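Trainee: Structure in C-alpha cells, see below.
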Amino acid sequence: MKRWTVRDRYGNDIYLTQERWEHIVQPLNHPEMLAYERHLQETVQSGQRSQDPLNPQKYRYVKVFTDLAEENTHLIAIVLFRFSEGEGGKPVPNNYIVTAYQKEIG
C-alpha cells in the first residue's frame with residue numbers, strides 16, 4: 001500500500017510504501033528516520049539526483065539538512081525506476097523508494 005507519492009524536480013512521480021517505511025525505521029535499520037519522514041519527501045522532491053553506474057534503474061537522491069539526528073548532515077534516498085503494465089498492456093512508471101538514511105558528509 002502506498003503511504004505517499006511526491007514528484008521529483010524532473011517530473012517523475014515517486015512513492016513510498018508502508019512496507020518500505022516500516023523496513024526503513026526498524027530498530028536494526030534506520031530508526032532515526034522515524035522523525036524525518038517530511039525530510040525524506042523533501043529530499044525526493046528537490047534533492048540532487050545521481051544514477052548508479054552499475055544499475056541504471058537505481059538513483060540516489062541527496063539533500064542537506066541542518067536538523068538531522070546526531071551529527072548527520074545529509075538525508076539520502078535510494079529510488080528504483082521501473083515500469084509496470086497499465087491499461088492495454090502499456091508500460092506505466094513504477095518508481096519507488098527502496099531505503100533512506102542519514103549520513104554525515106564533509
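Trainee: Here's a check for you: in the range 17-75, which residue that is free of Cβ contacts under 8 Å to residues at least 60 places away in the same chain, surrounded by 15 or more Cβ atoms within 10 Å (Cβ to Cβ) and closer than 18 Å to Arg3 by Cα is nearest to the chain's Cα centre (by Cα)?
Mentor: Taking the candidates together, the pick is Val44.
Trainee: Here's a follow-up. Kindly state which strands (runs of 3 or more DSSP E) lie completely within the chain and contain at least 1 residues that are of a type in the set (Phe, Trp, Tyr) and modelled with pLDDT of 95 or more.
Mentor: Fully inside the chain and qualifying: 2-7, 13-17, 58-64, 74-85, 91-103.
The values are calculated or read from the model by the stated rules, or taken from the named source; none is laboratory data. Remember, it's a predicted structure, so these values are computed and weren't measured experimentally. As a convention, Cβ positions derive from the backbone with ideal geometry for all residues, glycine included, and neighbour counts pool all protein chains shown.
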